[in-house]
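The values are calculated or read from the model by the stated rules, or taken from the named source; none is laboratory data. Values in this document were obtained by computation on a predicted structure and should not be read as measured data. Here Cβ is always computed from backbone atoms with ideal geometry, including for glycine, and neighbour counts include all displayed protein chains.
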Amino acid sequence: MSLDLTPATLHAPGVNDFAVKLANVNGTGSASANSLMMQAIFRMGVPVSGKNLFPSNIQGLPTWYEIRVNGQGHTARALEYDLMVAMNAATYREDIASVVRGGYVLYDSSWPLDPDLDREDVTFLGVPLASMCIENFVAPRERILMKNIAYAGALVALLNIDLDVVSQLLAETFARNEHLRESNQKALRLGYDYALENFSCPLPFSVSAMNETAESILIDGNTATALGCLYAGATVVGWYPITPATAVMDNFQRLCQKYRRVPVLGEDGETTYENNFLIIQAEDEIAAIGVVLGASWAGARSFTSTSGPGISLMNELLGLAYYTEIPAVVVDVQRTGPSTGMPTRTQQADILLCAYASHGDTKHILTFPANPRECFEFAVTCFDLAEHFQTPVFLLSDLDIGMNDWVVPKLTWDEDWVPDRGPVISDEQLAGMKEFFRYANENADHVAARTFPGSDDKGAYFIRGSGHDQFGRYTEKPDEYQQVVDRLARKHAAAAPYVPAPIIERREGATVGLITLGSCDAAVREARDILAERGLACDFLRVRGFPFVAQVREFVESLEHCFVIEQNRDGQLRTLIASETGVGRESMTSILAYGGFPLSAITVVDAVTEHLEI
Amino acid sequence: MPSITKPLIPLAPLAKNELGLTIRDYEGAMSTLCAGCGHDSITAAITHAFWELSTPPHRIAKLSGIGCSSKTPTYFVRGAHGFNSAHGRMPPIATGAYAANRELTYIGISGDGDSLSIGLGHMSHAIRRNVKMLYVIENNGVYGLTKGQLSASADIGTRPKKGEANEVAPIDPIMLGLSLGATFLARSFSGDKEQLIPILKAAVAHNGLALIDVISPCVTFNDHEGSTKSYRFMREHEVKEVVTDFVPLRREIHANIPTDGTRVVPMHDGSIVRFRSVPEDYDPHNRSNVEEYIREHQAHGEVVTGLLYVDESAATPHQMGHTPARALAKVPLRELCPGADALAALQEDFR
């Protein structure tokens, strides 16, 4: 079997197979026009993705949006752009350079383009967006905002997007504002008509309606995570604002106001509302996790959402929770570290930080969602795991999953769901007991039953982060101390079959394995298909939880060689697999993308190919 | 006193409170603090206050941070639910517990290192939020467990046992509380149980965070000449012009409430705080007045004690959050879950 070892390139563009990049200035209203395009393609039933590559800034800096349309469902980041919508003069040079040979550049021809920027091998499509909007709109703000909708209109014509679908979306968005609705419709037509009159529409690549998204939704991971926390029954949350996790709490609050307000008829006949939630915006992340520990100790389901810098601050109390066995759900929407790093860029570099958070010997339970649907499902799982094992549990999302809209199958809910509260002793049970000790009488998973504060005196105990014996009493004796921490290690190991199971897919004749996690999923799957077309069959494993089940070790051992694909500099997943399963590090090669943008299949294919050449 | 071993059989029958419990039922484990530690006296006052209030022990949640003071929750109300957390982190943990179960009585025990240095931010924000809890600072001006370093409450000029006199400005939790919008501020002295017990009882009744700064001499590291947190200094410089009584709702509703200009403050639960021998120009509802009064005395090297400021009108986080009267932790999870139909319906917005 001969392998095609030339550098990867995606297919030649065509119907339902192309990528558009839109270069904008942030704070000018482009985001809504860009997501409008993506949503319209989604409504046309065609698999699509939208990646917002934005700066850590409110107004005036370059920002990009990438739309990839792929009828096969491969919607990881493209890296090669068939059409560039160049709306930011400050980045013209790099934007025009990044278009593929034979591609197109749409720009605002109200001003002439610098001849230096010309490229023989691409087609320039000039639309006088600013002039059009100055002629047709009066208010200065509107003249700026409507340029975005005008280029969207041109794209509708160029890409054969259904105009009725776009009009309908605008009507829905501006249902309550007639003026804006009309302005938007007008701007849309301006761009649309101009493109039809001046260009040969559609372009060689375009959208054609399919029926692939009827059972799907368009949702970002932060919203889906918030929904999961709502459904799991979280009532108390402590949090501190941080990009890119803030929207988890914004959405949780919004959802609570809708679904957790209970009408109460007062004595005066007036209906008031009671809120079955209490959200505490804390003074810092230390306090945020402190609130979670207090609330979980008191018997509520509680969580916090943060990003890497917040996890750093939470380390102290995560150790307290681990050692005193208090449930806690921590959502980490990972961004680029270390330190402040790049707050609006994505990464998967908190894996080891979360796995071993806090000083001393600690080990935590992790879940790794790959998309918003898994954010929803795993969020619920996290609460069950946290209470079942009485320990912190992490949902390791990232900026790409959390802040971008993804097409995922509709979320479903099992009405027979029974929450796993873990072992808890009620007052009735206490009455029948001779004595209660917090950490005695462990179950098969090495977890001991707890009581909640307010329980009968007999169930009262003293939580301490200082050394304690199996009864919870203060100790400084080596054997008594070790007995407890050894049980904690067994407890962590016992969680392996409870965390989301790895996805393993085998291929006939595969000798190479691709191991990945989280938001790398789509790119790695696409890379696997490309490699197969080139003659290299690969097995696939996506870990979805830590501690690892035996299948992870068995997978690595069953293959000649594995690649571990992840978005950090140091190969953290590879390290975790090697140190926790005992497989040799040399049996796994890292493929790493950690510049802050979502992974592309091209990166994976090129890295695998390069390695096999040697 | 929990610091001394008690006889197995009491010499005289012990008095019982409304729940039929004796003071012994409100004690805890033996203290491991130094003999004569001010903290043990505070522990005894807390024990008495809860016994006298007839608070069911299991309805009390006692929390602390790290330090000598934070060891003391072990020494009172053994039937209460306890949480000895991390250095400075007691306030957020208490906030979370209170958020989850508002039905319990929360007492947080902290020290000057715990609350005025490492946990200053947390304490400040718990005060701002007006978390309904009793917050006791056992203030001795030193780090005892690490052997006598000066803390942030040490006065200028105070001398540690070894080393130079302090030149760094102290943090006064009462002054800080006044500026943060605290709703209940008191200062007392561990050697004055008669004053401390009514203040503790009033603090339990208070609708919000009741901050009590108790000067509590450290016999081992800060009870020498040159210290402003010693027994001798306090006995010589304490000004007890603001004297308060606490009148619980149930027992003394018929008690003679003086009408001779003495201030009477009704608490949220219907009990009453009565200010006795308050200086004529003192108004415990007026922040600037209270601040000025304390500052004037401070200028003369005097420490004003008593219930210094109270405001029963401010809302707690639960009142602000419009939560139900029952604990959020008791709402069945099934009631909290919107269910499959709602999930299907809400996803129409994601098309």
Only one of these is touching a Ser or Thr at 6+ places or on another chain (Cβ under 7 Å) and either polar (S, T, N, Q) or at pLDDT below 90 (or both): B:THR316, B:THR305, B:THR323. Name it.
B:THR305
Determine which member of the set A:SER426, A:SER397 is surrounded by fewer than 24 Cβ atoms within 10 Å (Cβ to Cβ) and either farther than 28 Å from A:GLY45 by Cβ or more than 9 Å from every other protein chain (Cβ to nearest Cβ) (or both).
A:SER426
Could you list, in sequence order, all residues of region B:324-333 that are at the interface with chain A (Cβ under 8 Å from one of its Cβ atoms) and either out of contact with any Phe, Trp or Tyr (no Cβ under 8 Å at 6 or more places or on another chain) or of a type in the set (Lys, Arg) (or both)?
B:PRO324, B:ALA327, B:LYS330, B:VAL331, B:LEU333
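Pick from region A:275-300 the residues that are in a strand (DSSP E or B) and more than 7 Å from chain B (Cβ to nearest Cβ): which of them is surrounded by the fewest Cβ atoms within 10 Å (Cβ to Cβ)? Please lay out each step first, then the result.
Of all residues in region A:275-300, those in a strand (DSSP E or B) come to A:275, A:278-281.
Remaining after also requiring more than 7 Å from chain B (Cβ to nearest Cβ): A:279, A:281.
Working: A:ILE279: 19, A:GLN281: 16.
Out of the qualifying residues, it is A:GLN281.
Test of understanding: among A:GLY290, A:GLY308, which residue is closer than 30 Å to A:GLN347 by Cα, over 24 Å from the mean Cα position of the chain (by Cα) and modelled with pLDDT of 95 or more?
Numbers: A:GLY308 fails: over 24 Å from the mean Cα position of the chain (by Cα).
Going through A:GLY290, A:GLY308 in turn, the sole match is A:GLY290.
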Close pairs from region B:227-239: first over 21 Å from B:GLU167 (Cα atoms), partner hydroxyl-bearing (Ser, Thr, Tyr), Cβ under 6 Å, at least 6 apart
B:GLU238/B:THR305
What are the residues in region B:85-100 that are in a loop (DSSP other than H, G, I, E, B) and at the interface with chain A (Cβ under 7 Å from one of its Cβ atoms), if any?
B:SER85, B:ALA86, B:ARG89
Within region A:410-423, considering residues that are surrounded by 15 or more Cβ atoms within 10 Å (Cβ to Cβ) and among the hydrophobic types (A, V, I, L, M, F, W, C), the one farthest from the other protein chains (Cβ to nearest Cβ)
A:TRP417
It is to be established whether one or more residues within region A:334-345 are more than 8 Å from chain B (Cβ to nearest Cβ), in a helix (DSSP H, G or I) and either under 21 Å from the mean Cα position of the chain (by Cα) or not acidic (Asp, Glu) (or both).
no
Residues within region B:116-147 that are outside any helix (DSSP H, G or I) and surrounded by fewer than 19 Cβ atoms within 10 Å (Cβ to Cβ), tallied:
3
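Looking only at region B:141-163, decide whether some residue is more than 18 Å from B:LEU200 (Cβ to Cβ) and within 14 Å of the chain's Cα centre (by Cα).
Step one: list which residues in region B:141-163 are more than 18 Å from B:LEU200 (Cβ to Cβ), which gives B:141-163.
Narrowing the set further to residues that are within 14 Å of the chain's Cα centre (by Cα) leaves none.
For region B:141-163, residues more than 18 Å from B:LEU200 (Cβ to Cβ) and within 14 Å of the chain's Cα centre (by Cα): absent.
Quick test for you: out of A:THR243, A:THR272, pick the one residue that is at pLDDT 95 or above and more than 7 Å from every other protein chain (Cβ to nearest Cβ).
On the way: A:THR272 fails: at pLDDT 95 or above.
None of the other options fit; the residue is A:THR243.
Out of all the residues in region A:475-490, is one or more within 14 Å of another protein chain (Cβ to nearest Cβ) and buried (at least 17 other Cβ atoms within 10 Å of the Cβ)? Please lay out each step first, then the result.
Residues of region A:475-490 that are within 14 Å of another protein chain (Cβ to nearest Cβ), as a first pass: A:475-476.
From the residues that got through so far, the ones that are buried (at least 17 other Cβ atoms within 10 Å of the Cβ) too are A:475.
Checked region A:475-490: at least one residue is within 14 Å of another protein chain (Cβ to nearest Cβ) and buried (at least 17 other Cβ atoms within 10 Å of the Cβ).
Among the listed residues A:GLY221, A:GLY233, identify the single one that is within 14 Å of chain B (Cβ to nearest Cβ) and at positive phi.
Among A:GLY221, A:GLY233, only A:GLY233 is within 14 Å of chain B (Cβ to nearest Cβ) and at positive phi.
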Pairing a residue in region A:461-482 that is touching a residue at least 24 places away in the same chain (Cβ under 8 Å) with any residue that is among the basic types (Lys, Arg) and in a helix (DSSP H, G or I), where Cβ atoms lie under 9 Å and the two sit 6 or more apart in sequence or on different chains, gives A:GLN470/A:ARG487
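State which residue is farthest from B:GLY141 (Cα to Cα) when the search covers only region B:35-84 and only residues that are away from chain A (no Cβ under 14 Å) and in a loop (DSSP other than H, G, I, E, B). Spell out the reasoning first.
Initial filter on region B:35-84 (away from chain A (no Cβ under 14 Å)): B:35-49, B:51-54, B:69.
From what is left, the residues that are in a loop (DSSP other than H, G, I, E, B) are B:35-37, B:54.
Details: B:ALA35: 18, B:GLY36: 16, B:CYS37: 13, B:SER54: 33 Å.
Per the criteria, the residue is B:SER54.
Give A:ILE503, A:ILE515, A:ILE463, A:ILE530 a once-over and let me know the one that is aliphatic (A, V, I, L, M) and within 14 Å of chain B (Cβ to nearest Cβ). It would help to see each step written out before you state the result.
Values: A:ILE503 fails: within 14 Å of chain B (Cβ to nearest Cβ); A:ILE515 fails: within 14 Å of chain B (Cβ to nearest Cβ); A:ILE530 fails: within 14 Å of chain B (Cβ to nearest Cβ).
Going through A:ILE503, A:ILE515, A:ILE463, A:ILE530 in turn, the sole match is A:ILE463.
Condition (residue is in a loop (DSSP other than H, G, I, E, B) and either of a type in the set (A, V, I, L, M) or not assigned by TED's automatic domain parsing to the domain that holds A:PHE383 (or both)) applied to region A:163-175: is it met by at least one residue? Spell out how you get there, then give the answer.
Kept after step one, since they are in a loop (DSSP other than H, G, I, E, B), are these residues of region A:163-175: A:174-175.
Still in the running and either of a type in the set (A, V, I, L, M) or not assigned by TED's automatic domain parsing to the domain that holds A:PHE383 (or both): A:174-175.
Taking every residue of region A:163-175 in turn, at least one turns out to be in a loop (DSSP other than H, G, I, E, B) and either of a type in the set (A, V, I, L, M) or not assigned by TED's automatic domain parsing to the domain that holds A:PHE383 (or both).
Among the residues of region A:490-524, which ones are outside any strand (DSSP E or B), free of Cβ contacts under 8 Å to residues at least 60 places away in the same chain and more than 18 Å from the chain's Cα centre (by Cα)? Working first, answer last.
Let us first name the residues in region A:490-524 that are outside any strand (DSSP E or B), namely A:490-502, A:506-511, A:518-524.
Now narrow it down to the ones that are free of Cβ contacts under 8 Å to residues at least 60 places away in the same chain: A:490, A:493, A:496-497, A:501-502, A:506-511.
Hits for region A:490-524 are A:ARG490, A:ALA493, A:ALA496, A:PRO497, A:ALA501, A:ARG506, A:ARG507, A:GLU508, A:GLY509, A:ALA510, A:THR511.
Just name the residue that is farthest from B:ALA344 (Cα to Cα) out of those in region A:395-428 that are β-branched (Val, Ile, Thr), touching a residue at least 24 places away in the same chain (Cβ under 8 Å) and not in a helix (DSSP H, G or I). It would help to see each step written out before you state the result.
Of region A:395-428, the ones β-branched (Val, Ile, Thr) are A:401, A:407-408, A:412, A:418, A:424-425.
With the extra rule that they be touching a residue at least 24 places away in the same chain (Cβ under 8 Å), the set shrinks to A:401, A:407-408, A:424-425.
Those still in the list that are not in a helix (DSSP H, G or I) too: A:407-408, A:424-425.
Numbers: A:VAL407: 16, A:VAL408: 14, A:VAL424: 33, A:ILE425: 36 Å.
The qualifying residue farthest from B:ALA344 (Cα to Cα) is A:ILE425.
Kindly establish whether A:SER307 is in contact (Cβ under 8 Å) with a residue 24 or more places away in the chain, hydroxyl-bearing (Ser, Thr, Tyr) and either surrounded by fewer than 24 Cβ atoms within 10 Å (Cβ to Cβ) or at the interface with chain B (Cβ under 7 Å from one of its Cβ atoms) (or both).
No: the conditions fail for A:SER307.
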How about region A:179-222: which of its residues are surrounded by fewer than 24 Cβ atoms within 10 Å (Cβ to Cβ), among the polar types (S, T, N, Q) and either under 28 Å from the mean Cα position of the chain (by Cα) or within 24 Å of A:THR75 (Cβ to Cβ) (or both)?
A:SER206, A:SER208, A:ASN211, A:THR213, A:SER216
A:PHE383 fails exactly one of the following numbered conditions: (1) more than 13 Å from every other protein chain (Cβ to nearest Cβ); (2) within 27 Å of A:LEU317 (Cα to Cα). What is the number of that condition?
(1)
